[in-house]
Ligand SMILES: Nc1ncnc2c1ncn2[C@@H]1O[C@H](COP(=O)(O)OP(=O)(O)O)[C@@H](O)[C@H]1O
Ligand code: SF4
Ligand SMILES: [Mg+2]
């Protein structure tokens, strides 16, 4: 197992170098001159030239790439827009995203698993249809509308919860629900599908053939086996959430990392985009690693010792 | 006619503020100001965006400032003298002013600030470097600026938040680390910087030792919420207290909400269709005029903008001193067709144009482009609307003379100076890739006038030259002149003493809570 | 070999209601349609037929994984058809089932020990842990596994070994009757014979009675004393193994037997092709189920369903070529 973890961690290095090259190229191929955009309207030609020179944007691409990598290794990449160290921008935003993602995944995993179990156990009944209908609604509801509707109801009309922003735990509830809506729907569907699949396994039939009560079969055999793959789905979804959700973060004014990266794309803040994407990629890969690891612990079929 | 109505609205607004002012303001309370975008930096000479300006104007002060009608008034300078040759400005400074870090405000601080700007590589270095030859300390409270050449807008340039006076201690401390400096603003203003959580909030607290007396509010909390609708909801729910750029669709509903006040206020921003005047057949003034006649600006303001704009009568916003109301091109599709015919276009030989536009940058920008497309179709011009993301759009427009493939393009321009509008957008020397005269407009008479305007120190004469330039530009149909935008500001009932400045600054320095 | 039937099936029918979608009308599937047969103690009855003809459903009805729609299941003289679970529980240890797919039939999260311990605990078959362990090890040995296997998880075994575990689980309760639902179909040909041999020797040693289900006649032949041929939810012919091999009567049986594959997996593929396409089990119409594919069909065959009749020598057949008695239902 240790071997496996070390190998996976080593694999991160080529992944990150790859990501750095790809984002570097993509960033430089998006049309738009960052100097021009950073200078803003009403800038003098000298301003534009000065910005170009200051950030080495006038140098050849390969030189710029190596300048960037050098700065990255010494941890001194600066945002073109704010001229602060990019990590100083990214880390607090990421922590905000992390907070929201944790609450959101708790809400969506518990709701998703709960309803998924109900639908799976009561498969092909009206309850199942109702839950699956809701989940369809959940995946297809646009974040913008859901967010605005929730705020209209809970903030403007009822005054129970704040309308966006960050502050107390209360500020997190509506964005976490909005963010978790689609996720919980996905989890519910996967949970249900897994339960159905396990119900079709002969070892469940065997359990019935031994006369074990339905209740016990569901709790002891079906759920235990059906929920293992759900761990992966929840983990993956969590990984996605950690990349930041631009729409939710914008609608609720949540200062997360998704919004930060989106804004830096709009302002062509090259360095921040590159480090931001690399950072998110790193987190995503790490979360995946943890998920795989957890899965291995939960499921005796998977062993990473050799091979 | 439109102009008068507008002035009356403005008068009413100003007088209503006077009414507020006549009540006795109360001390205490906090205002949460929710804005759409976070500040980029709080280092004044490094700022080129309005959110940063909005925050910084509460922390820093310059030698002079604008009043809400954009007239210059004293601030840290009590008075000033301009030498007869217009090359020397002498400022007599206020005494007893201290920076938030305790250091003294004096002539040395002024000199240090401008030396820092001129010798630095700040985003606004060039505009000051271009003008100022040197700053000289006459005595502790007298400072003299020597200019390279006469410059009529020098005081205006000093009224900009870019020219705010910085703490000499802070300059020592941060030097050219603009990133660090931008996070640690130290000024002389009524509010003191407390903390900045990027993307989330900037917190200011009252300056207890402010030279003009402590401000009424205890705190101003600038919060960031990109979504316009959400910001309106935050004011309605009381989670925030004041905001700008409220979506016009919510106007009616907000007017009915007794918890809030919604106001329509003017900006200095003009929206126009730039024309590539060196590209055939747009180099033909008849074609350009035809385009102007073909568009019903009133209708665009009413229907597309839902009342949040009024037609342009000159390239310069009527909110700016120096504006001269040349008069809008009337909506006259018949005349447009005639002119097009003269230029050789008719049903058989249709004029085909591409209209590039950003999407979501300005109020209803893309929708305006679509309306223009419809109106031009009426006079037989086929328009292909091409929406673009802002960065890509900027790239598309700033390619330079050889590569300029665009025909017409929708753009907005907000400014504090009439002279700047004329110089930046219509001088034949300010062309892309670095200048902003994207349409390559060129008229020797205008160039000559620009030179005069920039040099002239006498306001009356300057305004004459400005008027002349506006007339020529209008007559040359350098743009398709569309509209001046307005916006909605929204705040909690009970919040008093707000002052809106058309250059998109909502002044909370004298705000107070009546609760 | 005892003479009394341990299992008696009388006019057993199973109807499934299926819905293809939210807005489509419900359909009915009748995979088991009015079938009757007996299995005597110590006997192995082979149930053959093409895939989808209802064999598995029959097996599951017997172990009461499914509830019969009508008809009777009599086990050891007792009608268990509609017996309540509580009452039926004491029969559960006597009637065991082994499934086709050894990869699905073992809980992946349990070790062999845990899997085998479960029936012991459910039926209170051992009184202490030593006894339990001893019995488990003994049973493992009986199915050809070793003590070292006891703490392994199913995924650590090959298909044949897994099927041995499944068999061990079935026999550990010391049952009297075992339904073997295609126990070798999922295994490699080389392993199939080993498992068949194991099943045969277990039957002798433990004096078991089998219902052996398979679509593969060559396998059924190997183990069965009697053979029943199933087609579209019905039993069309039934007789002792020798009788049926020497004197097959029903046109379907003939077709089926003629296509017995030589033990070469490549030839096997022909099996289905030769038989043509299987008609649907939905909305069963009256008439002989085989009528659409029968080259001997008569007028009556379209109208009524032939009953399963003894044509002598305990040879039963449902075809109007051999009798012309109409079935009552
Ligand atoms: N639970 C069920 N619901 C609906 N149809 C079923 C169900 N179980 C089996 N069937 C259908 O009954 C028919 C016979 O299936 P089965 O008994 O598995 O056949 P065999 O074992 O002979 O291949 C098939 O068409 C199958 O689709
Ligand atoms: S009953 Fe008729 S159709 Fe059916 S098998 Fe016999 S002859 Fe053929
Ligand atoms: Mg089957």
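The values are calculated or read from the model by the stated rules, or taken from the named source; none is laboratory data. If you're wondering where the values come from, they're calculated on a predicted model, not measured in any experiment. Cβ placement follows ideal geometry from the backbone for every residue including glycine, while neighbour counts extend to all protein chains displayed.
Within the option set B:233, B:217, B:291, being buried (at least 17 other Cβ atoms within 10 Å of the Cβ) and without any contact (Cβ under 8 Å) to a residue 12 or more places away in the chain holds for one residue only, B:233.
Scanning region A:255-270 for residues that are more than 8 Å from every other protein chain (Cβ to nearest Cβ), over 13 Å from residue A:27 (Cβ atoms) and touching a residue at least 40 places away in the same chain (Cβ under 8 Å) yields A:257, A:258.
Is it the case that some residue within region C:62-81 is farther than 22 Å from residue C:232 by Cβ, within 14 Å of ligand 3 (Cβ to nearest atom) and within 14 Å of another protein chain (Cβ to nearest Cβ)? Explain how you work it out, then say what you get.
Step one: list which residues in region C:62-81 are farther than 22 Å from residue C:232 by Cβ, which gives C:63-64, C:74-81.
Filter once more, so that each one left must be within 14 Å of ligand 3 (Cβ to nearest atom): C:63.
Filter once more, so that each one left must be within 14 Å of another protein chain (Cβ to nearest Cβ): C:63.
Yes, region C:62-81 has at least one match.
Of C:190, C:185, which residue is farther than 21 Å from residue A:207 by Cβ, at pLDDT below 90 and within 16 Å of ligand 1 (Cβ to nearest atom)? Residue meeting the stated conditions: C:185.
Figure legend. Inter-residue proximity from region C:214-227: first residues within 14 Å of another protein chain (Cβ to nearest Cβ), second residues more than 13 Å from ligand 3 (Cβ to nearest atom), beta-carbon distance below 7 Å, spacing 6+ or different chains. No pairs are indicated.
Which of the residues spanning region A:59-88 are part of a loop (DSSP other than H, G, I, E, B), surrounded by 13 or more Cβ atoms within 10 Å (Cβ to Cβ) and more than 8 Å from chain B (Cβ to nearest Cβ)?
Applying the first criterion (part of a loop (DSSP other than H, G, I, E, B)) to region A:59-88 yields A:59-60, A:74-77, A:79-84.
Narrowing the set further to residues that are surrounded by 13 or more Cβ atoms within 10 Å (Cβ to Cβ) leaves A:59, A:77, A:79-84.
If the condition is that a residue be part of a loop (DSSP other than H, G, I, E, B), surrounded by 13 or more Cβ atoms within 10 Å (Cβ to Cβ) and more than 8 Å from chain B (Cβ to nearest Cβ), then A:59, A:77, A:80 are the ones that fit.
Out of the residues in region B:254-297 meeting the condition of being assigned to a helix (DSSP H, G or I) and out of contact with any strand residue (DSSP E or B) (no Cβ under 9 Å at 6 or more places or on another chain), tell me which one is nearest to residue B:371 (Cα to Cα). This residue is B:293.
Can we say residue C:52 is within 16 Å of ligand 3 (Cβ to nearest atom), out of contact with any helix residue (DSSP H, G or I) (no Cβ under 9 Å at 6 or more places or on another chain), farther than 17 Å from residue C:180 by Cβ and in contact (Cβ under 8 Å) with a residue 12 or more places away in the chain?
Working: within 16 Å of ligand 3 (Cβ to nearest atom): yes; out of contact with any helix residue (DSSP H, G or I) (no Cβ under 9 Å at 6 or more places or on another chain): yes; farther than 17 Å from residue C:180 by Cβ: yes; in contact (Cβ under 8 Å) with a residue 12 or more places away in the chain: yes.
Yes: the conditions hold for residue C:52.
When each of C:282, C:173, C:253 is tested for being over 18 Å from the mean Cα position of the chain (by Cα) and modelled with pLDDT of 90 or more, the lone residue that passes is C:173.
Residue B:400 - would you say it is on the phi > 0 side of the Ramachandran plot and free of Cβ contacts under 8 Å to residues at least 40 places away in the same chain? Criteria met by residue B:400.
The criterion of being within 20 Å of the chain's Cα centre (by Cα), within 20 Å of residue A:220 (Cβ to Cβ) and crowded, with 17+ Cβ neighbours inside 10 Å holds for residue C:165.
Let me confirm something: among B:392, B:402, which residue is closer than 26 Å to residue B:360 by Cα and part of a helix (DSSP H, G or I)?
Working: B:402 fails: closer than 26 Å to residue B:360 by Cα.
Selected residue: B:392, the only one of B:392, B:402 that is closer than 26 Å to residue B:360 by Cα and part of a helix (DSSP H, G or I).
For region C:39-58, the count of residues that are within 14 Å of chain A (Cβ to nearest Cβ) and near ligand 1 (Cβ under 9 Å from one of its atoms) is at least one. Tell me, which residue of region B:435-458 that is closer than 22 Å to residue B:153 by Cα and not in a helix (DSSP H, G or I) is nearest to the chain's Cα centre (by Cα)? The selected residue is B:436. Could you grab me the full set of residues in region C:44-77 that are within 16 Å of ligand 2 (Cβ to nearest atom) and crowded, with 23+ Cβ neighbours inside 10 Å? Hits for region C:44-77 are C:49, C:53.
Identify the single condition in (1) within 20 Å of residue B:101 (Cβ to Cβ); (2) without any contact (Cβ under 8 Å) to a residue 40 or more places away in the chain; (3) within 14 Å of chain A (Cβ to nearest Cβ) that residue B:197 does not satisfy, given that it satisfies every other one. Unmet condition: (1). Going residue by residue through region A:36-52, is there one that turns out to be touching a strand residue (DSSP E or B) at 6+ places or on another chain (Cβ under 7 Å) and on the phi < 0 side of the Ramachandran plot? Yes; the residues of region A:36-52 include at least one that is touching a strand residue (DSSP E or B) at 6+ places or on another chain (Cβ under 7 Å) and on the phi < 0 side of the Ramachandran plot. I want to confirm something. Restricting to region A:11-32 and keeping residues that are facing another protein chain (nearest Cβ under 10 Å) and touching a helix residue (DSSP H, G or I) at 6+ places or on another chain (Cβ under 6 Å), which single residue is surrounded by the fewest Cβ atoms within 10 Å (Cβ to Cβ)? Among residues in region A:11-32 that are facing another protein chain (nearest Cβ under 10 Å) and touching a helix residue (DSSP H, G or I) at 6+ places or on another chain (Cβ under 6 Å), the one surrounded by the fewest Cβ atoms within 10 Å (Cβ to Cβ) is A:31.
Evaluate region A:185-199: report whether one residue or more is more than 14 Å from chain C (Cβ to nearest Cβ) and either closer than 30 Å to residue C:117 by Cβ or not in a helix (DSSP H, G or I) (or both).
Taking region A:185-199 first, the residues more than 14 Å from chain C (Cβ to nearest Cβ) are A:185-193, A:195.
Now drop any that are not either closer than 30 Å to residue C:117 by Cβ or not in a helix (DSSP H, G or I) (or both), which leaves A:191, A:195.
Looking for residues that are more than 14 Å from chain C (Cβ to nearest Cβ) and either closer than 30 Å to residue C:117 by Cβ or not in a helix (DSSP H, G or I) (or both), one finds at least one in region A:185-199, hence yes.
Within region B:399-424, the set of residues being under 15 Å from residue B:438 (Cα atoms), out of contact with any strand residue (DSSP E or B) (no Cβ under 6 Å at 6 or more places or on another chain) and crowded, with 22+ Cβ neighbours inside 10 Å comprises B:421, B:422, B:423.
I need the full set of residues from region C:99-110 which are at the interface with chain A (Cβ under 8 Å from one of its Cβ atoms) and either away from ligand 3 (no atom under 16 Å from the Cβ) or not in a loop (DSSP other than H, G, I, E, B) (or both), in order please.
If the condition is that a residue be at the interface with chain A (Cβ under 8 Å from one of its Cβ atoms) and either away from ligand 3 (no atom under 16 Å from the Cβ) or not in a loop (DSSP other than H, G, I, E, B) (or both), then C:106, C:107, C:108, C:109 are the ones that fit.
Residue check: residue C:255 meets all listed conditions (1) within 16 Å of ligand 1 (Cβ to nearest atom); (2) over 24 Å from residue C:201 (Cβ atoms) but one, namely (1).
Beta carbons closer than 8 Å, at least 6 apart along the sequence or on distinct chains, pair a first residue in region C:296-314 that is more than 14 Å from chain A (Cβ to nearest Cβ) and at negative phi with a second that is part of a helix (DSSP H, G or I) and within 12 Å of ligand 2 (Cβ to nearest atom) for C:296/C:251; C:297/C:291; C:301/C:291; C:302/C:291. State whether one or more residues within region C:86-98 are in a strand (DSSP E or B), facing another protein chain (nearest Cβ under 10 Å), more than 16 Å from ligand 3 (Cβ to nearest atom) and within 25 Å of residue A:222 (Cβ to Cβ). Within region C:86-98, one or more residues are in a strand (DSSP E or B), facing another protein chain (nearest Cβ under 10 Å), more than 16 Å from ligand 3 (Cβ to nearest atom) and within 25 Å of residue A:222 (Cβ to Cβ).
Counting only residues that are farther than 19 Å from residue C:244 by Cβ and surrounded by fewer than 17 Cβ atoms within 10 Å (Cβ to Cβ), which one in region C:294-303 is farthest from ligand 1 (Cβ to nearest atom)? Spell out the reasoning first.
Initially, region C:294-303 is screened for residues farther than 19 Å from residue C:244 by Cβ, giving C:295, C:297-303.
With surrounded by fewer than 17 Cβ atoms within 10 Å (Cβ to Cβ) added as a condition, the list becomes C:295, C:298-300, C:302-303.
Numbers: C:295: 24, C:298: 28, C:299: 29, C:300: 27, C:302: 23, C:303: 25 Å.
Among those residues, the one meeting the criterion is C:299.
In region A:139-151, is there at least one residue being modelled with pLDDT under 90, part of a helix (DSSP H, G or I) and closer than 12 Å to residue A:192 by Cβ? There is no residue in region A:139-151 that is modelled with pLDDT under 90, part of a helix (DSSP H, G or I) and closer than 12 Å to residue A:192 by Cβ.
Within region B:368-377, identify whether any single residue is surrounded by 16 or more Cβ atoms within 10 Å (Cβ to Cβ), without any contact (Cβ under 8 Å) to a residue 12 or more places away in the chain and in contact with a helix residue (DSSP H, G or I) (Cβ under 6 Å, 6 or more places away or on another chain), and answer yes or no. Within region B:368-377 (the criterion being surrounded by 16 or more Cβ atoms within 10 Å (Cβ to Cβ), without any contact (Cβ under 8 Å) to a residue 12 or more places away in the chain and in contact with a helix residue (DSSP H, G or I) (Cβ under 6 Å, 6 or more places away or on another chain)), the answer is no, since none of the residues qualifies.
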